[in-house]
Amino acid sequence: MAQSFILARQNGRSIPQEDKIFGISNRAKAAIREKGAAAVVNGTIGALMDDEGKLVVLESVDEVFHNLDPNDYAEYAPIGGLASFREDVQKAAFGNHVPEGFKAAVATPGGTGSLRNAIANYSDPGDQVLTSDWHWAPYNTIAGEIGRSIATFTFFDEERKFNAASFAEVSRELLSKQESLVIILNTPAHNPTGYSLTLEDWDQVIEILTEEASCGKAITLVIDAAYIDFAGDEDEYREFLPKLSRLPENVLPIMAYSLSKTYTLYGTRCGAMICIAKTQEIADEFKRVCEFSSRGSWSNSAKVAQVILSRIYEDPALLARVDEEREKYRNMLLARGTAFSEAAAEVGLEIVPFDAGFFVSVPSPDPDALSRKLEEKDIFLVPLKLGIRISVASVPEDKCRMLPAVIKAAMEELGQA
Ligand SMILES: Cc1ncc(COP(=O)(O)O)c(C=O)c1O
């Protein structure tokens, strides 16, 4: 799309005047100011809010924060992260399901930094990065900023199951025209659908990639695990991890782990990219190139949350407290998702296959029109390419239960249902 800039260069990007989500979110906030929170649904926020609309911050984590010494946050951290953080973040990411292989962790500014670094270092300029058709829109921005773009496979088949055939087909097609392939799978509790790959889905992914890898090209499988601790039992949702060790040498799994949601430390910008390599040489190379790339993009990552994570992991009682506190909020979130999906089934509103997490999506032939119609009723949701996204993370359970009927009615009014 041709755009005109005064002095800035377009560099192949399409840059809107206003970020769509922030625009809707601002209108939601204005409606709340005018009519009161009870009269408005703000389902646009990508952070966990309590039933009063306040950001959930784990008290146990906040206490650690308030007991820090200035050195813990004012000083630079090493480029790849503090040594203690590199160890502890692997414990946090893998839990009781440590995959076999040569692991290395590099600190990044949130999961976003991990995604950026994975794409920058494991694909070539001009390459297409593969993800599902329903996906977190910033993947496009992250890839586009460094001269790559996103290609998609169809996430679900006609039986509403993971579409392994499409995944295989598009992977093969891309590998036939590129020297390498980066794949991003956001699971469990995918944004925007709430889908979690099952263990059977994972077996299919491993089998397909093993077959595709016979071409000898480099394949990088990025597991965007931003919501892993909000899908359900932390242990159960990590059971897929050991399967990654079955992949051949030229397929490198990288976990993009984030402290944003798990520790409610969104604004501290902390995460890590963790590789599970078949050889020590591949893990060493990962560390070397990703640290180099960090230096040239954000230099080093903020130290504060790295220290917080290590304080938590050096104190088992504190770790247990953090886990318990998170479980309480996770149960609140899961109850909202269940309320929404049950009510959707009751009124016959189709939703995209949902398991858990911050978001639920409703397919729509004209998401912008649907979102505008719902705004008339003071319901603020995010229109995507293929449907609308409801953040159950920011909507209380009673409203989650009532929403499907209102969405269904709006779709009928628009002739969409
Ligand atoms: C799918 C997905 N991946 C990654 C992230 C990265 O978040 P952060 O950079 O805050 O860790 C988010 C945050 O909203 C997300 O929704």
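The values are calculated or read from the model by the stated rules, or taken from the named source; none is laboratory data. This is a predicted model, so every value here is computed, not measured. Note: ideal-geometry Cβ built from the backbone for every residue, glycine included; neighbour counts use all protein chains shown.
Annotations for the structure displayed:
- Matching option when the condition is closer than 22 Å to Lys20 by Cβ, in the same structural domain as Gln306 (by TED's automatic domain parsing) and more than 14 Å from the ligand (Cβ to nearest atom), among Thr152, Thr141, Thr131: Thr152
- Of the helices (runs of 4 or more DSSP H) lying entirely inside the range 9-96, those containing at least 1 residues that are under 21 Å from Ser301 (Cα atoms) and of a type outside the set (Ser, Thr, Tyr) are 59-66, 70-74, 83-94.
Let's see how each residue does on (1) in contact with a helix residue (DSSP H, G or I) (Cβ under 6 Å, 6 or more places away or on another chain); (2) of a type outside the set (Val, Ile, Thr):
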position	(1), (2)
Gln10	no, yes
Arg13	yes, yes
Ile21	no, no
Arg27	no, yes
Val40	yes, no
Ala104	yes, yes
Tyr122	no, yes
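- Long-range neighbours under 7 Å by Cβ, at least six apart or interchain, first residue touching a residue at least 12 places away in the same chain (Cβ under 8 Å) and closer than 11 Å to Ile308 by Cα within the range 55-73, second outside any loop (DSSP other than H, G, I, E, B) and not β-branched (Val, Ile, Thr): Ser60/Leu318; Ser60/Arg321; Ser60/Glu325; Val64/Arg311
- Filter pass, Thr141 being surrounded by fewer than 19 Cβ atoms within 10 Å (Cβ to Cβ) and in contact with a His (Cβ under 9 Å, 6 or more places away or on another chain): no
- Extreme residue, surrounded by the fewest Cβ atoms within 10 Å (Cβ to Cβ), among residues of the range 341-356 that are part of a loop (DSSP other than H, G, I, E, B) and in contact with a Lys or Arg (Cβ under 6 Å, 6 or more places away or on another chain): Pro353
- Here Gly216 fits the description: surrounded by fewer than 24 Cβ atoms within 10 Å (Cβ to Cβ), away from the ligand (no atom under 16 Å from the Cβ) and farther than 21 Å from Phe94 by Cβ.
- Cβ pairs under 6 Å, 6+ apart, first in the range 399-414 and of a type outside the set (D, E, K, R), second modelled with pLDDT under 95: Met411/Ala417
- Test: Val89 is within 16 Å of the ligand (Cβ to nearest atom) and farther than 20 Å from Pro242 by Cα: no
- Residue identified as surrounded by fewer than 23 Cβ atoms within 10 Å (Cβ to Cβ), away from the ligand (no atom under 16 Å from the Cβ) and in contact (Cβ under 8 Å) with a residue 24 or more places away in the chain among Asp203, Asp233: Asp203
- Of the residues making up the range 59-81, those that are surrounded by 17 or more Cβ atoms within 10 Å (Cβ to Cβ) and in contact with a Leu (Cβ under 9 Å, 6 or more places away or on another chain) are Ser60, Val61, Val64, Phe65.
- Every residue from the range 254-269 that is out of contact with any Gly (no Cβ under 8 Å at 6 or more places or on another chain) and either without any contact (Cβ under 8 Å) to a residue 12 or more places away in the chain or not hydroxyl-bearing (Ser, Thr, Tyr) (or both): Ile254, Met255, Lys261, Leu265, Gly267
- Criterion applied to Gly110, Gly101 was being under 19 Å from Tyr257 (Cα atoms), within 13 Å of the ligand (Cβ to nearest atom) and crowded, with 17+ Cβ neighbours inside 10 Å, and the one residue passing it is Gly110.
- Checking Glu249, Glu285 one by one, the residue that is farther than 25 Å from Ala74 by Cβ, free of Cβ contacts under 8 Å to residues at least 12 places away in the same chain and of a type in the set (D, E, K, R) is Glu285 and no other.
- If you check Leu241, Leu199 for being touching a His at 6+ places or on another chain (Cβ under 8 Å) and at pLDDT 95 or above, only one passes: Leu241.
- Any hit, the range 33-40, residues being in contact (Cβ under 8 Å) with a residue 60 or more places away in the chain and within 24 Å of the chain's Cα centre (by Cα): no
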